[in-house]
Each structure stands twice: as structure tokens, then as C-alpha cells.
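The values are calculated or read from the model by the stated rules, or taken from the named source; none is laboratory data. All values reported here derive from a predicted model rather than from experimental measurement. Glycine also receives a Cβ, built like all others from the backbone with ideal geometry; neighbour counts cover every protein chain displayed.
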Amino acid sequence: MRIALDVSAVPERPAGAGRYVSEISRRLPSQGIDTTLVTRRNDAERWTAWSPAARVVSPVPSARLARLVYEAVALGRASDVDLWHGPHYTMPRRSKLPIVVTICDLTFFTNPEWHEARKVPFFRQAIRYAAQHADTLISISHYTTQLLNEICQPSAPIITAPLGVDLERFSRNDQNDETLLRAAELPVGVGFILFVGTIEPRKGLDVLLHAFAELASEDNDLELWIVGQAGWGVDDNFAAHPFASRIRRIGYVLDELLPALMRQARVVAYPSRGEGFGLPVLEALACGALVVTTANTVMEEVAGTVATLSKVGDTLGLATALRSELALDRVQREVRAESARRRSEIFTWDATMAGHVAAYELALSRGH
């Protein structure tokens, strides 16, 4: 099986959907798949280093508008592959190859205000087109699959392939945590709530900041550590916060530091208003962290009963949930940590890849 995977939309510092594409691009060759990664013209070196067993071709223009036009009219014409996989909603329009498209979430339809206005009509149209013209769709959660069926009524079959977690990297082994924190010039032994996510409206950081103000007034030592790069639509200058001196804006962190932060946090807070999957929740659970996230979202599907849930946008509810986690003693935390780890072990990248292989085989069997 020869697959072309479009990685041209993945930024240098991937998050969210970019993390998903990065993970599958590295794992596809190990599935016995002849893998071609299709990337931007100035980006071949990164992908060659990341997935050395794959072939990398870089015909795609770097500028966003030119890239989108090129994808629509020129990509997917390769004669040396059997199938094209567009992992980020879009697909080439003139390809004669069987095509698989991943739909990460439906928030462009359900909550367009969470996105930059110029992107909404483009991705709505792209998703609707893929739903009717792709040979197979991949959905990254059962939550997303349900919405996809309700909103788009796709003619293409859907394979649901939930994302996984690297259970070796995201583990409960804290042996080197202090060294990693000191190397990053972060204090050791500080009690902190950890937030991980791109700074953008959907992530609920505004709700967390209000909740932290309440908790910080009760605990003079508690800090809030924010990990993630600037996105859009949110002012990430927190100088006006009443406890600004106890908020650390850490920014994007390297792979080895993130698990250490999750293990050392007193609570990992992920009050997102909506996602396609919510990977930070799963990664935190794998580290044995106490997690507070939002009810009636895909994060509840991922966490099951091992996270504490609060209503979307509910500042007082989030503060109450965080307060209850902070109050747990050492024995209670250990019991919760074991439960969290066991829950995370349900989600593996091996299972994710098995779902992708099934989607490819289905698409090939349907022809084009």
C-alpha cells in the first residue's frame, strides 16, 4: 500500500491537529505502508528528520493562499501512490486517486465564533465537500462522528479512530522532573495549577483566570502556569489580573518538559469549550495527574469517570472543582493517579493507526 499524506498545513510548532498529523506521519511506515509525505517547499528537512523511513516531497507553495489554491488544482495527481490522505479537513479536487480525509471537529459549524472569521466559510465548504466526495472519512472521536453525521450527512463511510498517547513519554516516572524544571528555569516545589493549550477563545482560559483569582485569594502560595503558544482572539497579557505575580506564562515547551509539568502540577485544568478530541487531557491522565475539564464535551468521552468535570463557561463551578482536587491528601491523590493512568492505557497510537489502515483499505476497496 502506497500512501501520500499531506503534511503541508502543519506549523513548525505543532499543536492540536498538527500534533495528530505529526504522530501518524512518523508511525505510518512502521505499519508496512510505503509513505510519502507531501510538504511545503521550504519544509522538507524537518519532515525528513521527523519521519526518516518516509519519502518526502515538497511541491507545495509556502504562502497560505497559494498553498490552498495549489492543493485544489494540482495536488493528488501523483502516479506513484495508491491513495491520498488529507488529514486536515481538505482534499484535492482533481485527483483520480482514492481519497481519505480526516475531520478533526465540527466547530466551524457549531461555534464559528471560536475561529478567525476568514477561515469559517472556507473550512465549512471544505468539510461539506469532503463529506460527499472523499472515499472514506476518518473521525478522531465518537463525539465528532456523531456531529459529522448530524451536520453533513456524509455519503462517505466514517472510520472512528480516537487519538492515542505515548505511554512511555507520558508516564508516572518523575525521576528527572526536578532536573527538567530547573533546566527550564522553573521553580521546584511550587504548588501550581497547569493549563496546556493554544491561547484562543475556545480554550476557556478566561474562565480559568477568573477561577484562579478566587482560589489564589484563599491560598497565598498557589500559582497558575500556562503552557501554550499564542493563537488569536485572546489577550495573553495578564498584567491586569489581581494575582498576576503568581501567573507564569511559559509558552511553547519542548516534548520532554511537558510530561514533567503535568506530573508536578497539583491539578491540570483544561476548561475548553469544545474540541475534536482534547489531547492534553489524555496526556495528563497518562502522567497520573488530577484533571479538571468540561462536561458534555469530547473531553468527557476521553476522561470517562477519572476526571472532575465542570460546566462549560462556569467560573464558580470550575473554582469548586479545582478546590476539591487541591484538597485531596496524598493517599487520595495516589488512588486517583492510578485510575487516571489505567484510563489512559485504553488509548494507544497502535489502535489509532489500526483505524487509519482500515480507512485506507476501505477507500481502496471502494475505488474512485
* Hits in the stretch 8-47 - residues which are touching a Ser or Thr at 6+ places or on another chain (Cβ under 8 Å) and among the polar types (S, T, N, Q) -> SER8, SER25, THR35, THR39, ASN42
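Conditions (1) assigned by TED's automatic domain parsing to the domain that holds PRO92; (2) surrounded by fewer than 17 Cβ atoms within 10 Å (Cβ to Cβ); (3) of a type in the set (Val, Ile, Thr); (4) farther than 23 Å from LYS119 by Cα, marked per residue:
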residue: LEU28; (1), (2), (3), (4): yes, no, no, yes
residue: GLY32; (1), (2), (3), (4): yes, yes, no, yes
residue: THR35; (1), (2), (3), (4): yes, no, yes, yes
residue: THR39; (1), (2), (3), (4): yes, no, yes, no
residue: ASN42; (1), (2), (3), (4): yes, yes, no, yes
residue: ALA49; (1), (2), (3), (4): yes, yes, no, yes
residue: VAL56; (1), (2), (3), (4): yes, no, yes, yes
residue: VAL60; (1), (2), (3), (4): yes, no, yes, no
residue: ALA63; (1), (2), (3), (4): yes, yes, no, no
* Asked: If you go through the stretch 324-338 one residue at a time, do you hit one that is assigned by TED's automatic domain parsing to the domain that holds ALA216, in contact (Cβ under 8 Å) with a residue 60 or more places away in the chain and surrounded by 19 or more Cβ atoms within 10 Å (Cβ to Cβ)?
  -> no
* Structure fact -> How many residues of the stretch 204-219 are among the small types (Gly, Ala, Ser) and either under 20 Å from the mean Cα position of the chain (by Cα) or part of a loop (DSSP other than H, G, I, E, B) (or both)? The answer is 2
* Can you name the residue in the stretch 220-274 that is in contact (Cβ under 8 Å) with a residue 60 or more places away in the chain, within 24 Å of GLU113 (Cβ to Cβ) and more than 16 Å from the chain's Cα centre (by Cα) and, of all such residues, is surrounded by the fewest Cβ atoms within 10 Å (Cβ to Cβ)? -> TRP232
* To do: Residue by residue through the stretch 222-275, note down the ones that are in contact with a helix residue (DSSP H, G or I) (Cβ under 8 Å, 6 or more places away or on another chain), over 26 Å from ASN173 (Cα atoms) and in a helix (DSSP H, G or I).
  => ARG246
* To do: Could you tell me which numbered condition ALA289 fails, if it satisfies all but one of (1) touching a Lys or Arg at 6+ places or on another chain (Cβ under 7 Å); (2) surrounded by fewer than 24 Cβ atoms within 10 Å (Cβ to Cβ); (3) among the hydrophobic types (A, V, I, L, M, F, W, C)?
  => (2)
* To do: Tell me, please, whether a residue that is of a type in the set (A, V, I, L, M) and closer than 26 Å to ILE3 by Cα can be found in the stretch 87-95.
  => yes
* Structure fact -> Matching residues in the stretch 178-197 (modelled with pLDDT under 95 and surrounded by 18 or more Cβ atoms within 10 Å (Cβ to Cβ)) number 1
* To do: Take ALA117 and decide whether it is over 18 Å from the mean Cα position of the chain (by Cα), at pLDDT 95 or above and aliphatic (A, V, I, L, M).
  => no
* To do: Scan the stretch 95-108 and give yes if some residue there is crowded, with 16+ Cβ neighbours inside 10 Å and in a helix (DSSP H, G or I), otherwise no.
  => yes
* Structure fact -> ALA117 fails exactly one of (1) farther than 19 Å from GLU256 by Cα; (2) outside any helix (DSSP H, G or I); (3) in contact (Cβ under 8 Å) with a residue 24 or more places away in the chain, namely (3)
* Considering each residue of the stretch 202-214, count those that are under 15 Å from THR320 (Cβ atoms) and surrounded by fewer than 20 Cβ atoms within 10 Å (Cβ to Cβ), and give that number. => 3
* Quick check: is even one residue across the stretch 94-102 basic (Lys, Arg) and modelled with pLDDT under 95? -> yes
* Identity of the residue in the stretch 306-323, polar (S, T, N, Q) and in contact (Cβ under 8 Å) with a residue 12 or more places away in the chain, that ends up surrounded by the most Cβ atoms within 10 Å (Cβ to Cβ) -> SER310
